[in-house]
């Protein structure tokens, strides 16, 4: 029978004749010893770390100011199907909702993507501008501009 130092010495059970057929019993016993050894090593490492650095200091909570979205203005723009209309994003966030399907692109040279009527598109200021045109006929865009403010 062999011994392993864990929390004191732990004896590894000796191999029994019937474990030749049941290899998993032996693996389970060795796994149990291994887990005990890892747990003991973690306790020793925690003790060493506490001795070197002292007890961890719990940070005191400070009242944090959470960002709040403030509605700056709303706008309604009509776009036709024959030419792209440029929309500027002067605030932190713009939310665009069309009443009919529209094409949205980063430049008038691109094909862009379809924004379906009733869906919305949120754009941050980093986009600066987008180009929009109706898929067919004339579509109305309902735009709300938002600014991030601290409480």
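Here is how the numbers come out for the structure above:
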| read-out | value |
| --- | --- |
| Exposure proxy ranking, count of Cβ atoms within 10 Å, fewest first, for 96, 143, 83 | 83, 143, 96 |
| Binned Cα-Cα distance frequencies in the range 38-151 - 10 Å width, integer % | 13, 31, 16, 9, 9, 13, 9, 1 |
| Exposure proxy ranking, count of Cβ atoms within 10 Å, fewest first, for 52, 121, 45 | 52, 45, 121 |
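Taken together, the values in this text are just the output of simple stated rules run on the coordinates, not laboratory data. Owing to the predicted nature of the structure, the values given are computational and were not obtained by experimental measurement. Cβ coordinates were reconstructed from backbone atoms using ideal geometry, including for glycine residues, and neighbour counts include every protein chain displayed.
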